[in-house]
Amino acid sequence: MYGVITTIPAPVEMYDAMHAEWLKRVGASVDGLLVHIGRAATDGFQTLEVWESKEHYDRANTDIVFPLMRELAGDERAP
């Protein structure tokens, strides 16, 4: 198993938009993702995830998360 906590220095509204878009495109089930929790933090938002492996985590970030963040950031720099 592979666990990771990430703090993103962006408004929690970005997390909300990203999560909603993720569910529309990918659904609730992602290969290798066991647990996902998102929450507002004082300096942005934070996610806690548990994956079957680091390879699953890396693949999801490369294939889904990073492209989606770039798309939603538009002209702004993605965090």
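What follows is calculated from the coordinates using simple rules that are stated; it is not laboratory data. Nothing here was measured: the structure is a model prediction, and the numbers come from that model. Heads up, the Cβs are rebuilt from the backbone with ideal geometry, glycines too, and the neighbour counts pull from every protein chain shown.
Here are a few things to note about the model shown:
- With a simple spin-label model that places each label point 7 Å from the Cα along the Cα-to-Cβ direction, the separation between Arg25 and Met1 comes to 2.8 nm.
- Amide H contacts of Phe45 (H built 1.01 Å from N, under 5 Å, at least 5 apart or other chain): Ile8, Ala10
- Highest average packing first - 65-74, 11-20, Cβ atoms within 10 Å: 11-20, 65-74
- Here the peptides 23-32, 50-59 are ranked by packing, the mean other Cβ count within 10 Å, and the order with the highest first is 50-59, 23-32.
- Taking a Cβ cut-off of under 12 Å around Leu34, the surrounding Lys, Arg, Asp and Glu residues balance to a net charge of -3, with basic ones at +1 and acidic ones at -1.
- Cα long-axis angle, helix 12-25 against the chain (0 to 90 degrees, to the nearest 10): 50 degrees
- Placing a pseudo-label 7 Å from each Cα along the Cα-to-Cβ vector at Asp16 and Ser53 gives an inter-label distance of 3.8 nm.
- Extended-chain gain in nm, criterion 0.36 nm per residue less alpha-carbon gap, Asn61 and Leu33: 8.9 nm
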